[in-house]
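Novice: For reference, the structure I am asking about is given below.
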Amino acid sequence: MKETVVSGIRPTGKLHLGNYFGAVTNFVKMQYDYNCYFFIADLHSLTTHPTPDDLHGYVRHVLVEYLACGINPEESTIYIQSDVPEVAELYLYLNMNAYLGELERSTSFKDKIRSQPDNVNAGLLTYPSLMAADILLHRATKVPVGKDQEQHLEMTRTFGNRFNRLYKTDFFPEPYAFNYAQNLVKVPGLDGKGKMSKSEGDSNCIYLSDSPEIIRKKVSRAVSDSGPTSENQTKPEAIQNLFDLMKIVSSADTISHFDSLYNKMEIRYGDLKKQLAEDMIIFNTPIRERIEELSKDTSYLRQVARHGALKARESASETIREVRKLIGFKSF
Ligand code: TYM
């Protein structure tokens, strides 16, 4: 039997290169060898209170962009999380065995306390149990995600194992984060520090739907410095980030060309950025063109979402039936 894979993306806007190389490209490659469920995590995005119109628009974006990246709805199951109410039921059960201390210690919760101090809601606190429910709902063992999700996977294993111990079962397998590159990926942003992330603003991200003009403009403004001060010096973070971005879109020859210019103190960042922008454009163009095409086809999107919801609910309801039995809910 094929192993099961689950992964999701919060619909908060458009997908960027971090989402693509951290998660989506792995989904796309996995779909022919695994039993794959890819979903749009719209329940998760309620923690930030989007307006109904924004929420719907974001969900549509992610659906279009998943498909444009090559996820094939005939091979894998693509669905919208809120179309599968079983996930909310499993979330409730997992919350009964999730402890305040461990939820408060999660890095993503601590980040949110800092970034949205006026809206520290219970949904943020219990985000890891909803994510665990997403994964355990299909009894997945592999989860293609970026490095930032590693701790959530650890918590998912804790919650699944705790359920198994409590109900003396081995019903939930242990899921692990997965990337074809052996290490989990963290794609840097353009601001010279940290990962590519929508919460750091649009100028920090290259979106899959960005036009060539926008890519050139954003990359030309990427943070750099005044150049190396000695030969073969270690690159500071902002410069290393530019090279790391090159690693995902440029050829090995291009990278070693700029690397040796850097080591000889002959590098001109303007030239490096021009090359990086052109390589990003080459990478993005076919995806952007498919995004434009698919965006127009509402009836196809509707059909994909309906078909996906039916398939996801089949697997989800089987799990919930079994979980209810294990917990001791019995009919008279
Ligand atoms: P989200 O929506 O923040 O990001 C979606 C996916 O993109 C990856 N990612 C990155 N990878 C590498 N470098 C980056 N700069 C970068 N930025 C984002 C993320 O690691 C993620 O894989 N909690 C999840 C969504 C989710 C989920 C799940 C994922 C909910 N339930 C169940 C897997 C399984 C999240 O907020 O991802």
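The values are calculated or read from the model by the stated rules, or taken from the named source; none is laboratory data. Since the model is a prediction, treat every value here as computed from it, not as a measurement. Ideal geometry is used to build each Cβ from the backbone, glycine not excepted, and the neighbour counts take in all protein chains shown. Side chains included, ligands, DNA and RNA excluded: accessible areas come from the protein's heavy atoms. Shrake-Rupley method; radii C 1.70, N 1.55, O 1.52, S 1.80 Å.
Novice: Based on what the data block shows, is Glu65 under 26 Å from Ile287 (Cβ atoms), part of a loop (DSSP other than H, G, I, E, B) and among the charged types (D, E, K, R)? Before the answer, list the steps.
Specialist: Values: under 26 Å from Ile287 (Cβ atoms): yes; part of a loop (DSSP other than H, G, I, E, B): no; among the charged types (D, E, K, R): yes.
Considered against the rule, which asks whether it is under 26 Å from Ile287 (Cβ atoms), part of a loop (DSSP other than H, G, I, E, B) and among the charged types (D, E, K, R), Glu65 comes out as no.
Novice: Do any helices (runs of 4 or more DSSP H) lying entirely in segment 70-172 carry at least 3 residues that are open to solvent by 30 Å² or more (accessible area, probe 1.4 Å) and in contact (Cβ under 8 Å) with a residue 40 or more places away in the chain, and which ones are they?
Specialist: Values: elements: 86-95, 100-104, 107-115, 122-125, 127-136, 150-166.
Where helices (runs of 4 or more DSSP H) fall fully within segment 70-172 and carry at least 3 residues being open to solvent by 30 Å² or more (accessible area, probe 1.4 Å) and in contact (Cβ under 8 Å) with a residue 40 or more places away in the chain, they are 86-95, 107-115, 150-166.
Novice: Separate question: Of the numbered conditions (1) crowded, with 17+ Cβ neighbours inside 10 Å; (2) in contact with a helix residue (DSSP H, G or I) (Cβ under 7 Å, 6 or more places away or on another chain); (3) among the hydroxyl-bearing types (Ser, Thr, Tyr), Tyr207 satisfies every one except a single condition; which is it?
Specialist: (2)
Novice: Only residues that are of a type in the set (Phe, Trp, Tyr) and in a helix (DSSP H, G or I): list them for segment 204-259, please.
Specialist: Of all residues in segment 204-259, those of a type in the set (Phe, Trp, Tyr) come to 207, 243, 258.
Residues satisfying the conditions are Phe243, Phe258.
Novice: Moving on. Report the residue count in segment 289-315 for those that are in contact (Cβ under 8 Å) with a residue 40 or more places away in the chain and touching a strand residue (DSSP E or B) at 6+ places or on another chain (Cβ under 9 Å).
Specialist: Count: 9.
Novice: With Leu261, Leu301, Leu272 as the choices, which residue is touching a Phe, Trp or Tyr at 6+ places or on another chain (Cβ under 8 Å) and at pLDDT 95 or above? Outline the logic, then answer.
Specialist: On the way: Leu261 fails: touching a Phe, Trp or Tyr at 6+ places or on another chain (Cβ under 8 Å); Leu301 fails: touching a Phe, Trp or Tyr at 6+ places or on another chain (Cβ under 8 Å).
Matching residue, one of Leu261, Leu301, Leu272: Leu272.
Novice: If you don't mind, there's one more thing I want to ask. Of these, Arg288, Arg268, Arg302, which one is within 30 Å of Ser76 (Cα to Cα) and outside the structural domain of Phe21 (by TED's automatic domain parsing)?
Specialist: On the way: Arg268 fails: within 30 Å of Ser76 (Cα to Cα); Arg302 fails: outside the structural domain of Phe21 (by TED's automatic domain parsing).
None of the others qualify; the one that does is Arg288.
Novice: Let me ask something additional. Is at least one residue of segment 47-65 small (Gly, Ala, Ser) and touching a strand residue (DSSP E or B) at 6+ places or on another chain (Cβ under 6 Å)?
Specialist: Just the residues of segment 47-65 that are small (Gly, Ala, Ser), to begin with: 57.
Of the ones still in play, those that are also touching a strand residue (DSSP E or B) at 6+ places or on another chain (Cβ under 6 Å) are none.
Among the residues of segment 47-65, not one is small (Gly, Ala, Ser) and touching a strand residue (DSSP E or B) at 6+ places or on another chain (Cβ under 6 Å), which makes the answer no.
Novice: Residue under question is Thr141, and the condition is that it be touching an Asp or Glu at 6+ places or on another chain (Cβ under 7 Å), in the same structural domain as Val323 (by TED's automatic domain parsing) and more than 12 Å from the ligand (Cβ to nearest atom); does it hold?
Specialist: Values: touching an Asp or Glu at 6+ places or on another chain (Cβ under 7 Å): yes; in the same structural domain as Val323 (by TED's automatic domain parsing): yes; more than 12 Å from the ligand (Cβ to nearest atom): yes.
When the stated conditions are applied, Thr141 passes them.
Novice: Can you run down the residue pairs with Cβ atoms below 9 Å, 6 or more apart or on separate chains, where the first is in segment 15-26 and modelled with pLDDT of 95 or more and the partner is assigned to a helix (DSSP H, G or I) and near the ligand (Cβ under 7 Å from one of its atoms)?
Specialist: So the pair list comes out as Gly18/Asp148.
Novice: Take Leu276 and decide whether it is part of a helix (DSSP H, G or I) and either of a type in the set (Gly, Ala, Ser) or open to solvent by 60 Å² or more (accessible area, probe 1.4 Å) (or both).
Specialist: Working: part of a helix (DSSP H, G or I): yes; either of a type in the set (Gly, Ala, Ser) or open to solvent by 60 Å² or more (accessible area, probe 1.4 Å) (or both): no.
Here the answer is no, as Leu276 does not meet what is asked.
Novice: Out of all the residues in segment 173-211, which are charged (D, E, K, R) and touching a residue at least 24 places away in the same chain (Cβ under 8 Å)? Talk me through it step by step, then tell me what you get.
Specialist: Initial filter on segment 173-211 (charged (D, E, K, R)): 174, 186, 191, 193, 195, 198, 200, 202, 210.
Glu174, Lys186, Asp191, Lys193, Lys195, Lys198, Asp210, listed by residue number.
Novice: Also: Identify all residues within segment 18-57 that are aromatic (Phe, Trp, Tyr) and either touching a helix residue (DSSP H, G or I) at 6+ places or on another chain (Cβ under 7 Å) or away from the ligand (no atom under 12 Å from the Cβ) (or both); write none if there are none. Step through it out loud before you land on a result.
Specialist: Of all residues in segment 18-57, those aromatic (Phe, Trp, Tyr) come to 20-21, 27, 32, 34, 37-39.
Within segment 18-57, Phe21, Tyr32, Tyr34, Tyr37, Phe38, Phe39 qualify.
Novice: Looking at Ser197 and the list (1) open to solvent by 30 Å² or more (accessible area, probe 1.4 Å); (2) small (Gly, Ala, Ser); (3) within 16 Å of the ligand (Cβ to nearest atom), which single condition is not satisfied?
Specialist: Result: Ser197 passes all but (1).
Novice: Follow-up. For Phe38, all conditions in the list (1) within 21 Å of Lys311 (Cβ to Cβ); (2) modelled with pLDDT of 95 or more; (3) out of contact with any Gly (no Cβ under 8 Å at 6 or more places or on another chain) hold save one; what is the number of the exception?
Specialist: (3)
Novice: Please name all residue pairs, on different chains or six or more residues apart, with Cβ atoms under 6 Å, provided the first residue is in segment 34-58 and is closer than 18 Å to Gln116 by Cβ and of a type in the set (S, T, N, Q) and the second residue is within 14 Å of the ligand (Cβ to nearest atom) and open to solvent by 20 Å² or more (accessible area, probe 1.4 Å).
Specialist: Short answer, once both residue conditions are applied: Ser45/Arg10; Ser45/Thr12; Thr47/Gly123.
Novice: Separate question: Inspect all residues belonging to segment 236-245 and state whether any of them is surrounded by 12 or more Cβ atoms within 10 Å (Cβ to Cβ) and over 26 Å from the mean Cα position of the chain (by Cα).
Specialist: yes
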